[in-house]
Amino acid sequence: MMKLHTQTLSELSAGLERREFTSVELTKALLDRIATHNDKLNVFVTITKDEALAAAERADAARARGDVGALNGLPIVHKDIFCTRGVKTSCGSRMLDNFISPYDATVVEKLAAAGAVVLGKTNMDEFAMGSSNETSFYGPVKNPWNLDCSPGGSSGGSSAAVAARFAPAATGTDTGGSIRQPAALTGTVGIKPTYGRVSRYGMIAFASSLDQAGVITRSAEDAARLLGVMAGFDERDSTSIDQPVPDYTAEIGRSIEGLRVGIVRQHFDAGLDEQTGVRVKEAIAALESMGATTVEVNLPSIDLSVPTYYVVAPAECSSNLSRFDGVRFGYRAKDPEDLLDLYCRSRGEGFGDEVKRRIMTGAYVLSAGYYDAYYLKAQQVRALIAEDFKRAFAEVDVIAGPTAPAPAFRLGDKVDDPIQMYLNDIYTIGANLAGLPAISVPCGFVDNLPVGLHLVGPHFAESDLLRCAHQYQLQTDFHRACPEAFQ
Amino acid sequence: MSLDKEQVQHIAMLARLKLKPEEYAQSVEKLSRIVDFVDQLAAADTDGVVPMAHPLHATQRLRPDAVTDHDERDRFQQNAAAVSDGLYLVPKVIE
């Protein structure tokens, strides 16, 4: 049989359809590969071997009956933030190390209903708070391109799984860049849709006004396919948006002739690694050669996006994470003296350093006497940033720039400096604050480490982003490059 | 340092977090740096700007007030450390 792990979701789908191999054969091949290589990368918190094989058998049986879902028999992995019934759902935390989810997230439910086969749950920064995967209770994930480097975060297990060819596609979540930055650092495609496009039901909450689920794949075509299944209204998520889901796979085929691409000057300032900037400018030139036009746009308040985020996100996190009390689920401290001691020690022992830091930052900015100066002020600046984007999108269809300021950094390099770590998301956070869709696409290498091109669009412009990325990938082969140790 | 140990102790109590003695020094230093960093927001001119509540300015939906879920208490309580007769157990709060 030909190599299965090198194929994209779309290629595997065609192979299954032509009966070149079965889903059980495909699933076994990938599970074997994972068993051989996972220790090098620490991608998985849980490998769901038995469940995967059972799902693959069901998919093969469904195919034999001629009853095939959109993803019938196709293997994927889930970030361990999505509640999965009967399976440990840890969110990368000691707090949930013993948590067996009693229900499925909507995303999990929809992908399973379409016939997808889940190989396992991927490692992540604790409660999605981190940009390097180093805050995980289960230890950092390593970057398949260089095992001394971070795969980015917080969806680092998902990005590494796709880059190492453990699975053709992975789910992720993005609160400040947690899909796009790891995609950039591993040479994969990562899309964060419009806020409310994909249901947050069963997705463990970090900052509810910013959190959004999306996908990491190798091609934009695969991202279109998967997102089409995940997106849509869900009455169980009170912020879900009731709008029809376009057929993304049909939309990506159109040329980008005449597409107006905005360039933001600040995105190419001193904070950007020079060679990374060169790769991104080459990618923008390639879009121009395909018929796009470029226009300089101004986002006057964008420089305040990181400090705005580090007020809003911790505030929401401190509120969301108050549910972990050692009583109903999760870690419980031994021999509590009284109820207060039970709460304080369960939380003190169950959460890691970065999560505690963000909870305390949030408690501080929401506390009496500081609320107006921090939280209210940040929500005002957030409105200014959203206004900036709105004005820009009156002139352009997408905004293009770098996804991350530099290629993958070495594990340990930024872990002691929260501000340095936070600045890794300087180009991605704006889209979360304004609720905009955004995608990262591989656009070359610096010192054999991948670089990502970042495209942001107006609300519900996922089709344009996917089309732009797909058309670019038809002209380039950066997304086909495979890390040497994982051929 | 923009925060001192007493302030961090107060914040930790608000957040119901018990920190180990050795965690305090680190927390004071790092939280101070985060607060200094977000302090740059103070310079932004936000006079008359309406604080953002939702990225798409959507409002919360209401649903009919009807029972739609069924009782799954036993299954949900499998994740609890201590339960008895369908109740969650905690240390005694009333003498």
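The values are calculated or read from the model by the stated rules, or taken from the named source; none is laboratory data. Just so you know, these numbers come straight off a predicted model, no measurement behind them. Cβ placement follows ideal geometry from the backbone for every residue including glycine, while neighbour counts extend to all protein chains displayed.
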Identity of the residue in region A:16-53, in contact (Cβ under 8 Å) with a residue 60 or more places away in the chain and not in a helix (DSSP H, G or I), that ends up nearest to residue A:148 (Cα to Cα): A:42
Some residue of region A:43-65 being in the same structural domain as residue A:105 (by TED's automatic domain parsing) and at positive phi: no
Search result, residues across region A:14-45 that are hydroxyl-bearing (Ser, Thr, Tyr), crowded, with 20+ Cβ neighbours inside 10 Å and over 30 Å from residue A:93 (Cα atoms): A:23
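Here's the yes/no breakdown for (1) farther than 18 Å from residue B:37 by Cβ; (2) touching a Gly at 6+ places or on another chain (Cβ under 9 Å); (3) in a strand (DSSP E or B); (4) not polar (S, T, N, Q):
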{"site": "A:390", "(1), (2), (3), (4)": "yes, no, no, yes"}
{"site": "A:396", "(1), (2), (3), (4)": "yes, yes, no, yes"}
{"site": "A:427", "(1), (2), (3), (4)": "no, yes, no, yes"}
{"site": "A:436", "(1), (2), (3), (4)": "yes, yes, no, yes"}
{"site": "A:443", "(1), (2), (3), (4)": "yes, yes, yes, yes"}
{"site": "A:455", "(1), (2), (3), (4)": "yes, yes, yes, yes"}
{"site": "A:464", "(1), (2), (3), (4)": "yes, yes, no, yes"}
Spans of helices (runs of 4 or more DSSP H) in region A:214-330 with at least 1 residues surrounded by 20 or more Cβ atoms within 10 Å (Cβ to Cβ) and either among the acidic types (Asp, Glu) or within 14 Å of another protein chain (Cβ to nearest Cβ) (or both): A:220-230, A:305-320
Residue, farthest from residue A:245 (Cα to Cα), within region A:428-466, restricted to residues that are of a type in the set (D, E, K, R) and out of contact with any Asp or Glu (no Cβ under 6 Å at 6 or more places or on another chain): A:447
Scan of region B:6-40 for residues that are aromatic (Phe, Trp, Tyr) and within 7 Å of chain A (Cβ to nearest Cβ), ordered by number: B:37
Close pairs (7 angstrom Cβ cut-off, 6 or more residues apart or separate chains): in contact (Cβ under 8 Å) with a residue 60 or more places away in the chain in region A:419-438, acidic (Asp, Glu) and buried (at least 24 other Cβ atoms within 10 Å of the Cβ) anywhere: A:432/A:174; A:437/A:462
Residue count, region B:59-71 (criterion: more than 7 Å from chain A (Cβ to nearest Cβ) and surrounded by 10 or more Cβ atoms within 10 Å (Cβ to Cβ)): 0
